[in-house]
Amino acid sequence: MCGIVGFVGNGVIPGRLLQGLQRLEYRGYDSAGMALCTEDSHLHILRRVGKLANLKNDTPEFLETIHSPIRGGIAHTRWATHGKPSEANAHPHLSQNGTIAVVHNGIIENYQTLKDQLIRQGFEFKSETDTEVLAHLIEYHYQGNLFSAVLSALHLVEGTYGIAVLNALEPNVLVAARKSSPLVVGLATEGNYVASDMVAMVQETQRVIHLDDYDVVLLSEDPPVITNLKNRIREYEVSTVDFHLDDVSKGNFEHFMLKEIHEQPDTIRNATRGRMDYETGNAKLNGLGCTAYDIAQIRHVTIVACGTSRYAGLVGEYLIETLAGITVDVEYASEFRYRNPVIMPGTVVLAISQSGETADTLAALMEAKLKGATVFGIVNSVSSAIAREAGRGIYLHAGPEISVASTKAFTSQVMVLTLLGLLLGRSSRHSLTEGQNLIREIEALPEKIEYILKNERPKIYQAAQYLKDFENVFYIGRSFNYPVALEGALKLKEISYIHAEGYESAELKHGPIALLDSRKPVLAIMSNQAGYEKIVGSVKEVMARDAPVICLGTEGNTTLSQYSPYVLSIPECPELLSPVLNTVVLQLLAYEVAVAKGLSVDQPRNLAKSVTVE
């Protein structure tokens, strides 16, 4: 995996491919490559390890060796799953006879079995990847028609894939297919695209076809033809997406992460706009497709998610249980379907994913459906796999998130979970006045975020300069802000490579306190909340072990300076909304630490934006 772009048609195809890969750099990768198919029935391959710049720098000399018009091309940025980063393991991969090139996202689970069979047929392998199996398998089935050969090969494949395939003998054709790995077709003026993300072709077209699982598409200069694996043609709709080049540019910001942190006042507004009714003190979530009676029948909520989205789910657990008095479980999506979960009547399963393509979360959602649960998706990507599989849910409306470390998607997820808690609570336990009060507080959040961004940055910068030289940091919080401690620690480790752990503050004394000393600072989330004195007690225990403290509290709390010279603040707000404000501060802190260390903020090592393999 990670990024795919392909084009067949006219124009400067190498330039289109490189531009597409550049827009996909945010996903994270360790190598890059392209294959070009020329009119004289030849394939030309260029692959390089490391950053895309290495591929781009060698492209002019590479193109000088090509003396026939280019008709099609595929390109890829790889994030290693099978085999270390190397030129041999980089995509595209070639068939043994050199006529077929494949780029692939996903994992072929039975690749070893297929590889052994192909070796017995005389095929030789040059890489450590599972993808090379596909190239040889397609060659094995090729009888003059690439589309048919791809169909035959995919019948033997177990696992996940988003693939694009070229054949030197059919230079005007590109074949693509998907199963649990995103692919979208783009219809441009001079030809047709396929890509793993719309962002790769946003400058050329906004007319797209979203592929479903088991779709196989034939692309040429003519309209696309889409079939399933049984070669049955399916009708498709061409959608026009509201997606612009400005959405995927940094503007005046140094990094995408900083831009996306500063977009949060607007993304909070977008997540809540039109979804709150002050007259009734209630939320309006029409995407759930539920009547008031349906809402009243919900007895339990299970949240399935991974990474940052799971931490948003943990905040949601506190929110929904507090607002609605409904029990909530938050599950690792990667474990959910493997432990035979029990789904009781009245259970709703929420699948949370920024991309809507997270493989583990999609699999968990499908398992929940098989067990009879009502399922909703909470995603940021319209027409994503989770959105289509769930059929209903809540869109975040956060816009494209380019930085690998999620920021605005997290706070938008927390906001829609707040609205869901309000909706469930108004049906069972909350009065009109209580609902209206919460709506007023939600509406005030964007201005409070703007205040933080304008006024707290200098103090955050100073704290970051202090933290950058440590190798370990603990984050502690209670209640609603325990998940914020987890998320804050995740942000720091993701982009600064400092080992960080989040804990419920009372848990320090149950083991982790043994690690505390003068070299392990503790960031304590101490905003006004129930149990504040308990947090103070934990901080005093930390100080007694000579561990440095950084405090994150509520503005106006002058007592915090006795615990630390580094005091960060948020404006006053209700406890159940404080996770949003505290998270913004911790996002900026992680950002400033990474910048101070001179690291790649938007593309941290070893990480990919969308994890489409289990």
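The values are calculated or read from the model by the stated rules, or taken from the named source; none is laboratory data. Only a predicted model underlies this, so the values are computations on that prediction, with no experimental measurement involved. Note that we place each Cβ from the backbone using ideal geometry, even for glycine, and neighbour counts take in every protein chain shown. These area figures cover heavy atoms from the full protein model, side chains too; ligands, DNA and RNA do not enter into them. Shrake-Rupley method; radii C 1.70, N 1.55, O 1.52, S 1.80 Å.
For segment 247-392, what does the convex hull of the Cα positions come to per residue, in cubic angstrom?
Taking only Cα atoms, segment 247-392 has a hull volume of 128 Å³ per residue.
Helix 457-467 versus the longest principal axis of the chain: what angle, 0 to 90°, nearest 10, using Cα atoms?
Approximately 80 degrees, to the nearest 10.
Give the total of Lys-Lys pairs in segment 426-509 with Cα-Cα distances below 19 Å; include a pair only if its members are 8 or more places apart or on different chains.
For segment 426-509, the number of qualifying lysine pairs is 5.
Modelling each spin label as a point 7 Å along the Cα-to-Cβ direction, I'd like the residue 234/residue 45 distance in nm, to one decimal.
3.1
Carbon and sulfur atoms: what percent of the 1.4 Å accessible area of segment 31-125 do they account for?
47
Cross-link candidates for residue 56: which aspartates and glutamates have Cα within less than 14 Å, leaving aside residues fewer than 8 places away along the same chain?
Cross-link targets: 25, 64.
Say R0 is 25 Å: what FRET efficiency, to the nearest 0.05, do residue 454 and residue 562 get from their beta-carbon distance?
0.40
List the GluC sites (Glu not before Pro) within segment 441-548 that fall in a DSSP loop (any state other than H, G, I, E or B) and whose Cβ has at most 14 other Cβ atoms within 10 Å.
Loop-located and lightly packed - 471.
Once a ≥ b ≥ c are taken as the square roots of the eigenvalues of the Cα gyration tensor of segment 472-597, is the result rounded (a/c under 1.5), prolate (a/b larger than b/c) or oblate (a/b not larger than b/c)?
rounded
Leaving out same-chain residues fewer than 8 places away, which lysines sit with a Cα under 26 Å from that of residue 230?
115, 179, 369
With all protein chains present and a 1.4 Å probe, how do 262, 300, 510 order by accessible area, largest first?
510, 262, 300
So for the pair residue 596, residue 433, with labels modelled 7 Å out along Cα→Cβ, what separation do we get in nm?
Inter-label distance under the simple model: 4.7 nm.
For the chain, what is the calculated [θ] at 222 nm in deg cm²/dmol (nearest 500), taking -39500 (n - 2.57) for each run of four or more DSSP H residues and dividing by its residue count?
-11000 deg cm²/dmol
If packing is taken as the mean number of other Cβ atoms within 10 Å per residue, what is the order of 412-418, 204-210, highest first?
Final packing ranking: 412-418, 204-210.
Tell me, what % of the accessible area of segment 255-331 is carbon and sulfur with a 1.4 angstrom probe?
With neighbouring chains kept in place, the figure for segment 255-331 is 47 percent.
Report the relative contact order of segment 410-556, percent, no decimals, based on alpha-carbon pairs under 8 angstrom and at least 6 residues apart.
In percent, rounded to a whole number, it is 19.
If I stretch the segment between residue 278 and residue 86 completely, what's the gain in nm (0.36 nm per residue apart, minus their alpha carbon distance), one decimal?
63.3 nm
I'd like the orientation of helix 482-496 relative to the chain: the angle between its Cα long axis and the longest Cα principal axis, in ° from 0 to 90, rounded to 10.
For helix 482-496, the angle is close to 50 degrees.
For segment 259-337, which chymotrypsin sites (Phe, Trp or Tyr not before Pro) pass both filters: DSSP loop (anything but H, G, I, E, B) and at most 15 other C-beta atoms within 10 Å?
Answer by residue number: 278.
Normalised by the number of residues in the chain, what is the relative contact order in percent for Cα pairs under 8 Å and 6+ residues apart?
Result for the chain is 13 percent.
Kindly state, to the nearest 0.05, the FRET efficiency for residue 292 paired with residue 332, given R0 = 35 Å and r defined as their beta-carbon distance.
My answer for the efficiency is 0.60.
Which value, in Å², gives the accessible area per residue of the chain when a 1.4 Å probe is used on the protein heavy atoms?
Accessible area per residue: 38 Å².
By DSSP, what percent of the beta bridges with both residues in the chain are antiparallel, rounded to the nearest 5?
Counting DSSP beta bridges with both partners in the chain, the antiparallel share is about 60 percent.
Along the charge dipole of segment 534-599, pointing to its positive end and built from +1/-1 on Cβ of Lys, Arg, Asp and Glu, which listed residue (544, 558, 573) has its Cα farthest out?
Projecting each Cα onto the dipole axis, the largest value belongs to 544.
Need the full-extension length gain, residue 514 to residue 342, defined as separation in residues times 0.36 nm minus the C-alpha distance. One decimal, nm.
So the chain would gain 58.2 nm between residue 514 and residue 342.
Just to verify a number: what accessible area does residue 388 come out at with the full protein assembly present, 1.4 Å probe, Å² rounded to tens?
Residue 388 has an accessible surface of roughly 90 Å² with all protein chains in place.
What's the extension gain from residue 382 to residue 254 if we count 0.36 nm per residue and subtract their Cα-Cα distance?
43.3 nm
Restricting the calculation to Cα positions, tell me the Rg (one decimal) and the Dmax (whole number) of the chain in Å.
For the chain, the Cα-based Rg and Dmax read 25.5, 78 Å.
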